[in-house]
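Everything below concerns the one structure shown next.
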Amino acid sequence: MNTTILRKSILGIAGLAVAGGLAAGPLNHDTPTLDTRPVAAVQADKPAVDKDKLIPHGVQGEQSRIDLNDEQTSNAKAIIAATKKAGMDERAAVVSIATSLQESKLENLGHLGDRNDHDSQGLFQQRPSSGWGTVEQITDPEYATLAFLKGLKQVDGWHDMPLTKAAQTVQVSAYPDHYAQWEQQAADLVAQHWNN
């Protein structure tokens, strides 16, 4: 079949599904803005991410969400790329991104002077003095993510744990329950960027 005809058919069906869905029910008011870009056209030949794998236990507690700038989005993509490089799945990327959202809001932070938590730096606020690597290493998004994932792999049963418990076991934070609030945004980022 001609690829142009096939693409038009797919886009036509997707357009009917979207139009039918909008006419059949109320809009979701939880999302502050509606992204009107034609997703079906961009992702027609890419497999969808299994959303049940992203949040297998459901989210815990109220969820937080922040608007991301280009640098933060780039860091989320770097975490996803490093997760793939480590041979780990989408759930590992969700745990990693949620952890970074809590620790640094996906910003690759250097030393913050008096506002610094000891010598914590980078996306995951890892500490050179705790053996995570040199400052240059832990402020490299790929290295920092691979170091976090190495720790996650060592957590027996991490896949079956709530996100916050898995993240806390690796990070040993003074605020162990705070990771949970970022699970939905992390899952949304993985769903959006995993197959790019």
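The values are calculated or read from the model by the stated rules, or taken from the named source; none is laboratory data. Keep in mind the model is a prediction, meaning the values are calculated, not measured. Accessible surface areas use protein heavy atoms only, side chains included; no ligands, DNA or RNA. Shrake-Rupley method; radii C 1.70, N 1.55, O 1.52, S 1.80 Å.
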Accessible surface of M161 in the full protein assembly, 1.4 angstrom probe, to the nearest 10 Å²? 30 Å²
Which entries in K51/K77; K51/K153; K53/K153; K85/K153; K51/K105 show an alpha-carbon gap greater than 20 Å? K51/K153; K51/K105
Vicinal HN-Hα couplings computed from phi for the range 161-166 (Karplus, 6.51 cos²θ - 1.76 cosθ + 1.60; Hz; Gly/Pro x): 8, x, 3, 4, 6, 5
Exposure ranking of T73, T169 by accessible area [1.4 Å probe, largest first]: T169, T73
The equivalent-ellipsoid semi-axes of the range 47-196, taken as the square roots of five times the Cα gyration tensor eigenvalues and listed largest first in whole Å, are 22, 16, 15
Heavy atoms of K165: accessible area, 1.4 Å probe, square angstrom to 10: 120 Å²
